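Okay, structure first, notes after.
Read-outs throughout are calculated quantities, based only on the coordinates presented, and are distinct from any laboratory measurement. Note that the structure is predicted; figures quoted are calculated from it, not measured. In this analysis, Cβ positions are derived from the backbone assuming ideal geometry, glycine residues included, and neighbour counts consider all displayed protein chains.
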Number of protein chains: 2
Amino acid sequence: MKRIDSVQNASVKSWKKLHTKKEREKTGLFIIEGFHLVEEALKSDIVETLLLTEETNIPAAWKLDNISLVIVTEEVIQLLSETETPQHVIAICKKQAYGEISMEGTFLLIDAVQDPGNLGTMIRTADAAGVTAVIVGNGCVDVYNGKTIRSTQGSLFHLPVLKGDLSEWIPKLQENRVTVYGTSLQNAKPYQDVQPVKNAALVVGNEGSGVQQELLSLTNENLYIPIHGQAESLNVSVATGVLLYYFCHA
Amino acid sequence: MKRIDSVQNASVKSWKKLHTKKEREKTGLFIIEGFHLVEEALKSDIVETLLLTEETNIPAAWKLDNISLVIVTEEVIQLLSETETPQHVIAICKKQAYGEISMEGTFLLIDAVQDPGNLGTMIRTADAAGVTAVIVGNGCVDVYNGKTIRSTQGSLFHLPVLKGDLSEWIPKLQENRVTVYGTSLQNAKPYQDVQPVKNAALVVGNEGSGVQQELLSLTNENLYIPIHGQAESLNVSVATGVLLYYFCHA
């Protein structure tokens with residue numbers, strides 16, 4: 001088993017860089033921490049390197065074949081961690097490659113969501129609702145951002161989460177008989193007025209400005225969630241939950 | 001108009017202390033910042049003191065009778081603000097006193113939610129869903145925490161949000177013919193199996209451990225949201241949204 005004691009080590013420096021989107025895109029790698037996330041990543045077979053300290057207790061059930069194990073110091077963990085009280089387990093993972101995905105079921109298309117906590121919570125909610133795939137539009141915060149991944153609580157590893165151009169995905173889904181619903185406060189109908197269908201895609205958008213007009217013009221229909229009180233809107237991940245659970249029961 | 005130029009000023013020091021729960025409970029005051037929140041607080045007539053800089057442009061529609069206006073320096077704003085790029089408007093508000101609240105409609109009871117962002121988002125969602133009142137259990141993070149208030153997006157000022165002992169509120173609601181639904185993963189039924197009723201209360205709980213057993217034993221029925229994928233659970237504010245929108249259409 002390899003050992004690294006210095007925060008000046010070249011590998012440590014390259015792992016540290018994985019906290020930037022640029023480096024993640026260059027290498028196709030990303031970094032995660034904590035027992036729960038690492039366990040979920042191991043199940044998906046995407047872990048390349050596992051960093052531990054002398055004191056880390058590895059759960060016996062973890063399958064570590066073909067994974068490079070490295071013992072590091074507390075200082076290295078502190079340097080690489082983004083949390084206040086890090087668990088002493090960090091993994092370097094490769095981004096998943098998804099082949100052709102199924103064109104049946106429910107889909108979530110996310111346009112320009114900026115908050116990593118919202119994006120992660122939406123992926124977690126999509127997983128819970130049994131969504132087939134999540135398509136993350138080009139204007140969104142990076143899926144492999146540390147805070148996004150933590151907010152997914154491991155759901156990032158449970159279903160296909162693809163980056164894509166939503167203006168191409170909407171017609172592609174429609175060609176495959178998936179009904180695409182946008183969300184909008186203008187020129188839209190209350191979601192309860194629509195009967196859930198078996199193959200449906202939902203497009204949700206930016207925290208401030210919602211879904212881009214260009215995308216709303218491509219959808220089959222646009223929906224809104226009625227506001228009964230004085231709130232101006234719902235949080236985007238809450239709205240996503242309300243709509244996905246409405247549609248996933250078709 | 002009063003002017004305060006020094007961060008050493010005794011009033012500034014006392015306002016700064018309002019970032020602690022202890023001081024808020026001692027004084028019955030709390031502090032908010034930003035144009036949107038201050039505007040909502042002004043509408044609710046709870047602002048005592050408004051802090052501005054020379055450069056702040058006050059919207060003409062704001063009614064400022066009986067409000068103490070104080071011109072402060074950039075340094076004072078920076079000291080009192082909890083945000084990275086503060087808007088130059090801060091208000092010192094008094095906590096609202098609610099008399100007898102209506103016992104009709106939908107109620108949200110929150111048990112031991114710890115994350116201020118979750119608590120604030122739940123209050124915002126309750127407002128949007130047209131809930132009659134939110135009862136925040138004693139074990140929750142403080143409602144008047146800065147991050148909670150920002151996450152409510154002003155909804156804190158739109159409906160009664162009371163602190164209370166949930167083990168007293170559940171029977172009190174039941175005596176008033178409100179059906180109380182707990183949320184639990186054990187000994188519970190899928191929420192869609194329950195027909196929404198006109199007067200209903202929903203009890204949601206802690207991010208990790210859910211609703212306390214003691215409270216679950218007092219409810220009329222306990223419900224869960226089915227998980228169709230591999231996620232272990234939903235975020236508590238998303239779950240609250242799904243259930244409130246299911247019940248608010250009775």
(Q) Defining the label point at 7 Å along Cα→Cβ, can you sort the distances from B:GLN87 to the same site in each other copy, shortest first, in nm? (A) 3.9
Q: Taking only the C-alpha atoms, wrap a convex hull around region A:106-247 and report its volume per residue in Å³ as a whole number.
A: 98 Å³
Q: Using only C-alpha positions, report the orientation-averaged shadow area of the convex hull of region B:139-187, nm², one decimal.
A: 5.0 nm²
Q: Obtain the nm distance between the two label points defined at B:GLN174 and B:LEU162 by a simple spin-label model: each point lies 7 Å from its Cα along the Cα-to-C-beta direction.
A: 1.8 nm
Q. Roughly how many nanometres apart are two label points built 7 Å out from the Cα toward the Cβ at B:LYS147 and B:GLN195?
A. 4.4 nm
**Q.** Ascending count of other beta-carbon atoms within 10 Å, so fewest first, for B:PHE157, A:PHE35, B:PHE30
**A.** A:PHE35, B:PHE157, B:PHE30
(Q) Let me spell out the model: positive unit charges on the Cβ of Lys and Arg, negative unit charges on the Cβ of Asp and Glu, origin at the Cα centre of region A:155-250. What dipole size does that give, in debye rounded to 20? (A) 280 debye
Q: Scale the Cα Rg of chain B by the rule-of-thumb value 2.2 N^0.38 Å and send over the ratio, two decimals.
A: 1.12
**Q.** Cα-centre dipole for chain A with unit charges at Cβ (Lys and Arg positive, Asp and Glu negative), debye to 20
**A.** 340 debye
Q) Hey, for B:ILE67 with labels 7 Å out along Cα-Cβ, what do the inter-copy distances come to in nm, ordered shortest first? A) 5.6
Q. Applying 1/(1 + (r/R0)^6) with R0 = 41 Å to the Cβ-Cβ distance of B:ASN138 and A:ASP45, what FRET efficiency is obtained, to the nearest 0.05?
A. 0.35
Q) How high is the relative contact order of chain B, in percent, counting Cα pairs under 8 Å that sit 6 or more residues apart? A) 19 percent
Q.
Would any residue of region B:28-69 have its amide N under 11 Å from a label point 7 Å out along Cα→Cβ of B:GLN87? List them or say none.
A. B:33-41, B:57-59
Q | Dipole magnitude of region B:38-118, debye to nearest 20 (Cβ charges: Lys/Arg +1, Asp/Glu -1, about Cα centre) | A | 240 debye
Q. Three principal axis extents, largest first, for the C-alpha atoms of the protein assembly as shown, in Å?
A. 70, 56, 50
Q: Please build a GNM for chain A, connecting alpha carbons under 10 Å apart, and tell me which residue among A:LEU223, A:LEU185, A:LEU42 fluctuates the most.
A: A:LEU185
Q | Most mobile of A:GLY208, A:GLY105, A:GLY117 in a GNM of chain A (Cα contacts under 10 Å) | A | A:GLY208
Q. Do the alpha carbons of any pairs in A:LYS43/A:LYS163; A:LYS16/B:LYS17; B:LYS16/B:LYS163; A:LYS16/B:LYS16; A:LYS63/B:LYS189 sit beyond 27 Å of each other, and which pairs?
A. A:LYS16/B:LYS17; A:LYS16/B:LYS16; A:LYS63/B:LYS189
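Let's test the formula: R0 of 45 Å, r as the Cβ-Cβ distance of B:GLU100 and B:SER6. What FRET efficiency results, to the nearest 0.05?
Calculated transfer efficiency: 0.50.
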Q.
Defining the label point at 7 Å along Cα→Cβ, can you sort the distances from B:LEU162 to the same site in each other copy, shortest first, in nm?
A. 5.2
Q.
With an 8 Å Cα cut-off and a minimum separation of 6 or more residues, compute the relative contact order for region B:2-94 in percent.
A. 43 percent
Q: Please work out the Kirkwood hydrodynamic radius for region A:2-94, using every pair of different C-alpha atoms, and report it in angstroms with one decimal place.
A: 13.3 Å
Q: Report, in whole Å, the centroid distance computed from the Cα atoms of region A:84-141 and region B:186-231.
A: 26 Å
